[in-house]
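**Q** Handing you this structure, nothing more for now.
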Amino acid sequence: MIDGMRVEPVKGPASADLPVMAGIEHRDKGRGVKSFSEVLKLSVRKVNQLQIDADNLTNRLALGEVEDISEVSIAVEKAELALRMMVQIRDKMLDAYQQISRMSA
C-alpha cells in the first residue's frame, strides 16, 4: 500500500517483464506469501536481466545480427522503464525510512 492505496501490478502483454511489487499478494509455489525483501530481490534481478538483454540486443544490432530494429528499441525502452520504476521505489523507501527514523526520536 502506498499512501493508503493498494498497488496492483501493471496488466498487459509486457507486464511479465516489469518488476513485480505487489508484495503481500505475490504468492510463491508451496511457500505461501513472499516477504517484501524476496519480492524486492526478485524485482532487482528482473531489472538487471532486462538491462543485460537490452545490451546484448544492442551489441547484436551493431554487429548486424539483428534485422528488426524495433525489437532492439522495445527491449531498450523496457529496460529504461523498469530502471526508472526501481529508482522511484528506492526513493520512496528511503523517504519512508527517514520519516520513521524521525518519529523514533
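**Q** Could you go through region 61-69 and let me know if any residue there is among the hydrophobic types (A, V, I, L, M, F, W, C), surrounded by fewer than 16 Cβ atoms within 10 Å (Cβ to Cβ) and in contact (Cβ under 8 Å) with a residue 12 or more places away in the chain.
**A** So far as region 61-69 goes, no, none of its residues is among the hydrophobic types (A, V, I, L, M, F, W, C), surrounded by fewer than 16 Cβ atoms within 10 Å (Cβ to Cβ) and in contact (Cβ under 8 Å) with a residue 12 or more places away in the chain.
**Q** Say we look at region 70-105 and pick out the residues that are within 22 Å of the chain's Cα centre (by Cα) and among the polar types (S, T, N, Q); which of these is surrounded by the fewest Cβ atoms within 10 Å (Cβ to Cβ)?
**A** My answer is S70.
**Q** Also, quick follow-up: Looking for something farther than 29 Å from A96 by Cβ and modelled with pLDDT of 70 or more - is there at least one such residue anywhere in region 42-53?
**A** Yes - at least one qualifying residue is present in region 42-53.
**Q** Still on this structure: Given (1) β-branched (V, I, T); (2) modelled with pLDDT of 95 or more; (3) in contact with a Gly (Cβ under 8 Å, 6 or more places away or on another chain), where does T58 come up short, assuming only one miss?
**A** (3)
The values are calculated or read from the model by the stated rules, or taken from the named source; none is laboratory data. Every value quoted in this text rests on a predicted model; they were computed, and no experiment measured them. Reconstructed Cβ throughout: ideal geometry from the backbone, glycine too, with neighbour counts over all protein chains shown.
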